Amino acid sequence: MDNFEKYCTQFVQEVGSKEGAISPTITSSASFAYGDCETAEGIFNGSVKKPLYSRVGNPTSAKLESLMAMMDGGVGAVATSSGMGAISLSVMSLLSSGDEVISVGGLFGGTYSFFSETTARFGIKTNFFDVDELDAIKAAITQNTKIIFLESVGNPNMRLPDIKAIAQIANDAGIALIVDNTITPLSIKPLELGADIVVYSTTKIISGNASALGGCAVFRPINEGDDKFKSERYPFMAKFIKGAGKMALVPNAKKRALRDFGMSANAQASYQTMLGLETLALRMPRVVNSVEVIAKELSKNGLDINHPCLESHPHHERYKSDFSNGCGTLLTIDMGSKEKAYQFLNRTKLATITANIGDSRTLALHMASTIYSDFNEQEREFLGITDGLIRVSIGLENPQDIIEDFLNAAR
Ligand SMILES: *Cc1c(COP(=O)(O)O)cnc(C)c1O
């Protein structure tokens, strides 16, 4: 719990200002006046550090970016309009037609279709692997592989990757590792484990109350000596490294994705996200503790629960060693059939039926008929989506109330 305590101090101290308005200022302006032509030129060439235009940077979002970078131990960050915006920003900034991606574990539905359908339309090939297929991952690396992508906790299959081992593979081969760490660095810190870019859906536990859609990509510094981004694999990085040094992944993301795709964060959403961030370290330990209590008790009462805190889970040992601060807000219940799943969901009084996760309230959803309804049987099987699968995101309620409600609903 030391991790949570450290962040409790850091978040409230950093979100608030010591002078003037304590709450972050919302700069709700799309454009910014430069005053004179010389300043305009300087802003555009980067020598003057003033806001240019909100699509490529907004002062309120910049505050969120500095908080997110600090939280992760990164050198910089880019806030985006959504979690998918952060994923598309970081991925598209590194890829060209003909490139390949290796996707490991998970995946969140939108991320899966992003790789299997959308980027495929632009000539990018993605190979999908389960988290423990390390030899197959190594064997799939080619000259054209530019990204290994993984989710720190598979949503909703609850598989836990050995991030360090996969980062080792990425670093040995000189390939960028992007980690979707929507469960936040309060649980696991991908940059420390060897990742290059970490992406978030801040819509989830970071905001925590369904008030703002948002995302963020956090970048590690470029090394002074050898660095994978100085290799032939990423020739376009040379000019950004020359111009921005250790910060180079930030202008790369802005100029090769944000500027032209426009998945930019807005000031209002960034403000609301910061309000959420302020209490994240207080909410997180309660939720991860509740998830365990609820998973164990429901399992003891005969429900088919998937969560790595259970001894029956294939990654139970990894959960104990690598995820000692929990692995987010999710657990799943397999009710055996769609009918039983519907009956359960329609009977629960406390769970809100919705596609979101990481909220103050407990949320639940039948997977196969909603987020994964566009996917074929083979894809569902790979992603662990069975007919009776319900994804549950535990909230701040008293866990005993949830247990009682769920046992009633399952009766
Ligand atoms: C929700 C989610 C996303 C997408 O985020 P949005 O903010 O909805 O675009 C990506 N990855 C994970 C793990 C998620 O839970």
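The values are calculated or read from the model by the stated rules, or taken from the named source; none is laboratory data. For clarity, every value in this text was computed on a predicted model and none was experimentally measured. Backbone-built Cβ (ideal geometry, glycine too); neighbour counts: all protein chains shown.
Taking the numbered list (1) under 30 Å from GLY328 (Cβ atoms); (2) in a loop (DSSP other than H, G, I, E, B); (3) of a type outside the set (A, V, I, L, M) in turn, TYR34 passes all entries but (1). Among all residues of segment 196-205, there is at least one that is more than 16 Å from the ligand (Cβ to nearest atom), modelled with pLDDT of 95 or more and either within 30 Å of GLN10 (Cβ to Cβ) or in a loop (DSSP other than H, G, I, E, B) (or both). Considering only residues in segment 370-411 that are surrounded by 14 or more Cβ atoms within 10 Å (Cβ to Cβ) and of a type in the set (Asp, Glu), the one that is farthest from LEU331 (Cα to Cα) turns out to be GLU379. Exactly one residue out of SER103, SER90 is in contact with a strand residue (DSSP E or B) (Cβ under 6 Å, 6 or more places away or on another chain), within 15 Å of the ligand (Cβ to nearest atom) and outside any helix (DSSP H, G or I), and it is SER103.
Taken over segment 1-16, residues that are closer than 17 Å to GLY326 by Cα and either of a type in the set (Lys, Arg) or in a helix (DSSP H, G or I) (or both) amount to 7. If the condition is being more than 16 Å from LYS63 (Cα to Cα) and loosely packed, with under 13 Cβ neighbours inside 10 Å, then segment 13-35 contributes ALA30, SER31, ALA33, GLY35. Would you confirm whether or not segment 54-63 contains a residue that is assigned by TED's automatic domain parsing to the domain that holds MET263, of a type in the set (Gly, Ala, Ser) and within 16 Å of the ligand (Cβ to nearest atom)? There is at least one residue in segment 54-63 that is assigned by TED's automatic domain parsing to the domain that holds MET263, of a type in the set (Gly, Ala, Ser) and within 16 Å of the ligand (Cβ to nearest atom). Go through the residues of segment 224-241 one by one and say whether even a single one is in contact (Cβ under 8 Å) with a residue 60 or more places away in the chain, within 14 Å of the ligand (Cβ to nearest atom) and outside any helix (DSSP H, G or I). Scanning segment 224-241 turns up no residue that is in contact (Cβ under 8 Å) with a residue 60 or more places away in the chain, within 14 Å of the ligand (Cβ to nearest atom) and outside any helix (DSSP H, G or I).
Residue-wise test of (1) touching a helix residue (DSSP H, G or I) at 6+ places or on another chain (Cβ under 9 Å); (2) within 16 Å of ILE197 (Cβ to Cβ); (3) outside the structural domain of LEU330 (by TED's automatic domain parsing).
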position	(1), (2), (3)
ALA79	yes, yes, yes
GLY98	no, no, yes
SER103	yes, yes, yes
GLY109	yes, no, yes
PHE114	yes, yes, yes
GLU117	no, no, yes
THR126	yes, no, yes
ASP132	no, no, yes
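Restricting segment 68-112 to residues that are in contact with a Pro (Cβ under 7 Å, 6 or more places away or on another chain) and of a type outside the set (D, E, K, R) leaves a set whose member that is modelled with the lowest pLDDT is GLY105.
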